[in-house]
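Quick notes on the structure that follows.
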Amino acid sequence: MDGVRPLLELTGATVRFGADAALDHVDFRLYPGEVHSLMGENGAGKSTLIKAITGALAMDEGVLRLAGEAVAFATPHEAQLAGISTVYQEIELLPNLSVAENICLGREPRRGAVMSRRLMRERAGAALAELGLELDPASLLGTHSVAVQQLVAIARAISADVRVLVLDEPTSSLDLDEVAELFRVIRELKARGVAILFVSHFLDQVYELADRITVLRDGELVGEYLTGELLRIDLVQKMLGRTVSELRSRERAAEDDAEAGAGAILRARGVTVAHGVVEADVELAEGEVLGVAGLLGSGRTSLAHALTGVARLESGEIRVEGESVRLDSPRHAITLGVVYSSENRRRDGIVAELSVLDNITLALQSERGVFRRIPPARRRELAASWVDALDIRPPDLDRPVGTLSGGNQQKVLLARLLALSPRLLVLDEPTRGIDVGAKVEIQNLVGELADNGMSVVFISAELEEVLRVGDRVAVMRDGRIVETVVAADVTTDSLLALVAQPGEDEE
Amino acid sequence: MTAIYRHRLFWPIVALVTLIVINAVARPQFIKIRVQDGELYGPLISILRDSAPLMLVALGMTIVIATRGIDLSVGAIMAVSGAVALTIIDGAEDPGNVGTVLIACIVAVLVSLVLGAWNGFLVSVVGIQPIIATLVLMLAGRGVALLITGGFITTVNSEPYSFIASGYLFALPFAFLIGVVAIVILSLVERRTALGVLTEAVGINPEASRLAGVRSRSIIWGAYIVSGTLAGVAGLIYASNIKAADANAAGVFIELYAILAVVLGGTSLNGGKFSIAGTVVGVLIIQTLDSTILFLGVSSAQSPVFFAIVVVIVVIVQSARLRDGLAALTARVRSRGAGVQDSDKVEVA
């Protein structure tokens, strides 16, 4: 690549949401005629970076250069006019318009002042033909399958004069043939000199298509690599990262193998959830911490949903303390002492505008019922004791939770669940996007809870953390629990190998 | 000092007081209150009395809006309620009998409650968007009311029924007292039980609330039932005032005035935090404005324009963004040279 100027260059890109930096001084280059893959876990900053490039989000710091010239796009439309087209994971087209109208939307061909439908159909037809799609341009978009709609979105992106094509998870709804067709088109565009930014969770696809890979983690740049020189296992390691932090080594409560028999709090058999988990078996003893390791899309979150009544089972059985239960809502799970903390703290966790006090007591109050209000004094006392126990800062009960830092928001959420005195705590990435100090505190807290007899399912993208916190670790891949290992018997590297191994049953 | 400015009722109250002062200056008798036979009379008392239907409807609307919803059917429910009550009274052998009137009122309110439950069912169980779900009844309700009255404007002459709108109790208009009772009951139920905070939680973040085990469905459903029931009572007052059930005129546009009152009172249409006191002030602003237009002798052709202008001014004065912008501007002017640059970023949800 030496001697060739990057077509698109981003330097020092920084985007902040409140106190948290979603993107922290990241550099990114994209050369003409290459496929460049952007890799990272949830919250690594991939979408933020894409939005910064496509003008959907304004950067707080940093410069974007297109063909050497500094540019600043106020809207995605401006970026489009400059030749940057984007296809998002969720289709952003209009199902009530025809395929041709969708492809030409916003740049309808005109003859004088009048829109020419004939020209429009011709242009759309050409774009579709390029993708090898046999589709009537006059048909309504909404009548086609999601996969076809996704391909139409791509046709729309390439029908314009495109210099940079951003594909954000374009293959998640396509089947194998369609993926192959898409890859053919991508290679053609690449040969024409288009610079392509390709985001996908499927490592196989990345290794098949990408020339180079840029890895992000927690909003920071990990590095840029040539695909041929980066081993798959190294890539996964860079994505998941390793944070070294001092942790009170948790002496594993002298396991006299008492778990045999009555001790099982949770026993799940053949748990299957549509588009998520296949035939998962989980067993958890009192006071045990089960770590769950797996990449994004491995089914780790779906498993958590299945165990806590958030998602309904397609098949399989869950027994809580030996009783077979059909969990039909989170509320139902809560009454059985099974509680869940979502990986998406902001969207599914905190009630941002309500106070710390209201947030901590929310679940307990709704369990008691609307008309059995917790007396105000008792309520404050309760919340204050949790704020104290978890060291929530600032220790102000009346402050809206949305104004707290990520780590403290997470602690408020934990307090909400712990106030219910649950028997089984399912934590989905409880330490994501929070600072190292709070991370260690939460890890230690989980250890203490388990020592006091609470069972915990601990899901995390960070393998070291899973190993440190968990007694056993379930490894997930493609919706299946492929292996359950005793944490003391594996190293981070051997766990990494289990997580990264390409699925033998796909393709 | 600054704490008073920041209180969310500060600006609505300023608007209300300003309106009253303008009126008092223009026509001093505006603030005069007469006592006649132990009953209070005067323009201010009339405002309190006339505000009752809007007050009831706006209270219900507040709760519905707090759940991120909206109830467009309140006007139509008023029409149905009036039609039911008057048809019963009209058909009774003795329209002047207190028992008859009582039964008529109870039946009318029960019918309204059922209509509210229907709205709530569509929104919380079927999952239809609130604006569409309540639009159904908004359009169909008046038809139902006409069906009940047989297509006529049913008129009655019933002493006890007229008492609802024009009677006096403890020296105050009975209609106003109905509003006060509704305010008190609603405030107690929302704030003395956990309903208020759970409603706010559902309105701010429905998914997080569901995961925390909140019965969001029941809470949303309940909000529409409250709204429908209060609209029913409002319909009784309206029909009592004109001693007739006019299905085409009862509660026309009241849903829009109610939404306006809620917003003037500082409750966001995005749901979540709500203020019953704010809504009460909002209703009084609207009603005072209405009287102002009459007092100032604005011609009926011009009154909507006048109304619109005042509302726009009130809304602009209340706009937090505008005030923050002004505050930032003055701060920048003051600290010019200090080089302080403060770019508040709005959090992206």
Would you rank B:118, B:11 by solvent-accessible area, highest first, keeping every protein chain in place and using a 1.4 Å probe? B:118, B:11
Neighbourhood net charge (10 Å Cβ-Cβ; Lys/Arg +1, Asp/Glu -1) for residue A:27: -1
Using only protein heavy atoms and a 1.4 Å probe, how much accessible area in total is buried between B and A, to the nearest 100 Å²? 2500 Å²
Could you work out how much longer the chain between residue B:152 and residue B:309 gets when fully extended? Use 0.36 nm per residue separation minus the Cα distance between them, nm to one decimal. 52.8 nm
Checking the a/c ratio against 1.5 first, then a/b against b/c, what shape does the Cα gyration tensor give for chain B? oblate
How far is helix B:195-204 tilted, in degrees, relative to the longest principal axis of the Cα atoms in chain B, given as a value from 0 to 90 rounded to the nearest 10? 60 degrees
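Taking only protein heavy atoms and a 1.4 Å probe, what accessible area per residue, in Å², does chain B have with all protein chains in place? Don't jump to the answer; show the numbers that get you there.
Values: 16850 Å² over 349 residues.
For chain B, the per-residue accessible area is 48 Å².
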Please turn the phi angles of region A:12-17 into ³J(HN,Hα) values with the Karplus equation 6.51 cos²θ - 1.76 cosθ + 1.60 (θ = phi - 60°), one per residue in order, whole Hz, x for glycine and proline. x, 5, 9, 10, 10, 10
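Using only the Cα atoms of region B:1-60, build the gyration tensor, take square roots of its eigenvalues as a ≥ b ≥ c, and label the shape rounded, prolate or oblate: rounded if a/c is under 1.5, else prolate if a/b is larger than b/c, else oblate. Mind showing how you got there, number by number?
On the way: a/c = 2.56, a/b = 1.42, b/c = 1.80.
Because a/c hits 1.5 or more and a/b fails to exceed b/c, region B:1-60 counts as oblate.
In whole percent, and with a 1.4 Å probe on the protein chains, what portion of the accessible area of region B:49-295 is carbon and sulfur?
On the way: 6300 of 9090 Å².
Whole-percent figure for carbon plus sulfur exposure: 69.
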Inverse mean reciprocal Cα-Cα distance (Kirkwood Rh) of region A:8-240, Å: 18.3 Å
Once you've got the GNM for chain B with C-alpha springs shorter than 10 Å, pick whichever of B:22, B:13, B:70 has the biggest mean-square fluctuation. B:22
Listed residue (A:413, A:440, A:361) projecting farthest to the positive dipole end of chain A, Cβ model: A:361
Work out the P(r) tail for region A:264-500: percent of alpha carbon pairs separated by more than 25 Å, whole number. 39 percent
Ignoring any ligand, DNA or RNA, what whole percent of the accessible area of chain A comes from carbon and sulfur when the probe is 1.4 angstrom? 49 percent
Under 16 Å between alpha carbons, and skipping anything fewer than 8 positions from residue A:46 in its own chain: which aspartates and glutamates qualify? A:9, A:20, A:24, A:27, A:90, A:168, A:169, A:218, A:220, A:224
How far apart, in nm, are the 7 Å Cα→Cβ label points at residue A:325 and residue B:106? 4.4 nm
What list of ³J(HN,Hα) values in whole Hz, one per residue of region A:225-237 in order, does the Karplus curve 6.51 cos²θ - 1.76 cosθ + 1.60 (θ = phi - 60°) give from phi, with Gly and Pro shown as x? 9, 7, 4, x, 9, 10, 5, 3, 5, 5, 4, 4, 4
Rg over Rh [alpha-carbon atoms, Kirkwood Rh] for region B:92-227: 1.06
Tilt relative to chain B, helix B:254-264 - C-alpha long axis, 0 to 90 degrees, to 10: 30 degrees
Gain in span if fully extended, residue A:224 to residue A:74, counting 0.36 nm per residue against the direct Cα distance: 51.2 nm
Taking Cα centroids, how far is region B:84-160 from region A:44-88 in Å? 57 Å
How tilted is helix B:52-66 with respect to the longest principal axis of chain B? Cα atoms for both, answer in degrees (0 to 90, nearest 10). 50 degrees
With the crude spin-label approximation of a point 7 Å out along Cα→Cβ, what separation in nm comes out for residue B:248 versus residue B:94? 3.6 nm
Log10 I(q)/I(0) at q = 0.06, 0.10 Å⁻¹ for the protein assembly as shown, from Debye over equal alpha-carbon scatterers, is -0.53, -1.23
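Compute the signed sum of charges (Lys and Arg +1, Asp and Glu -1) over the other residues within less than 13 Å, Cβ to Cβ, of residue B:291.
With Lys, Arg at +1 and Asp, Glu at -1, the net is 0.
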Taking the chain alone as reference and the full protein assembly as comparison, with a 1.4 Å probe on protein heavy atoms only, the residues of region A:344-366 that lose at least 20 Å² of accessible area are A:346, A:347, A:348, A:351, A:353, A:354, A:358, A:362, A:365, A:366
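May I ask for the net charge around residue B:257, where only other residues with Cβ less than 15 Å from the Cβ of residue B:257 are counted and Lys, Arg are +1 while Asp, Glu are -1? Please list the in-between numbers first.
Values: positive: none; negative: B:50, B:71, B:255, B:290.
That works out to -4.
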Compare each residue of region B:201-222 in its chain alone against the assembly with all protein chains, and report those whose accessible area goes down by 40 Å² or more; 1.4 Å probe, heavy atoms. B:204, B:205, B:208, B:210, B:211, B:212, B:213, B:215
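Using only DSSP helix segments of four residues or longer, with each worth -39500 (n - 2.57), what per-residue ellipticity at 222 nm results for chain B after dividing by its residue count and rounding to 500? Please list the in-between numbers first.
On the way: 16 runs with 237 residues, N = 349.
So the helix-based figure for chain B works out to -22000 deg cm²/dmol.
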Can you tell me what the convex hull of the Cα atoms of chain A projects to on average, as an area in nm²? 26.8 nm²
For the protein assembly as shown, give me the percentage of DSSP beta bridges that are antiparallel, rounded to the nearest 5 percent. 60 percent
Karplus ³J(HN,Hα) for region A:345-360 (6.51 cos²θ - 1.76 cosθ + 1.60, θ = phi - 60°; Hz, whole; x = Gly/Pro) runs 4, 6, 7, 10, x, 6, 9, 3, 7, 7, 6, 4, 4, 5, 5, 5
Using a Förster distance of 30 angstrom, determine the FRET efficiency expected from the C-beta separation of residue A:234 and residue A:5, and round it to 0.05. 0.55
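Length gain on complete extension for the stretch residue A:385 to residue A:452, per 0.36 nm per residue less the alpha carbon to alpha carbon distance?
Fully extending the segment from residue A:385 to residue A:452 adds 22.3 nm.
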With every protein chain left in place and a probe of 1.4 Å, what is the accessible surface of residue A:388, to the nearest 10 Å²? 120 Å²
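The values are calculated or read from the model by the stated rules, or taken from the named source; none is laboratory data. In this text, all values refer to a predicted model and were calculated from it rather than measured experimentally. Every residue, glycine as well, gets a Cβ built from its backbone with ideal geometry; the counts of neighbours run over all protein chains shown. What goes into the accessible areas is simple: the full protein's heavy atoms, side chains included, and nothing from ligands, DNA or RNA. Shrake-Rupley method; radii C 1.70, N 1.55, O 1.52, S 1.80 Å.
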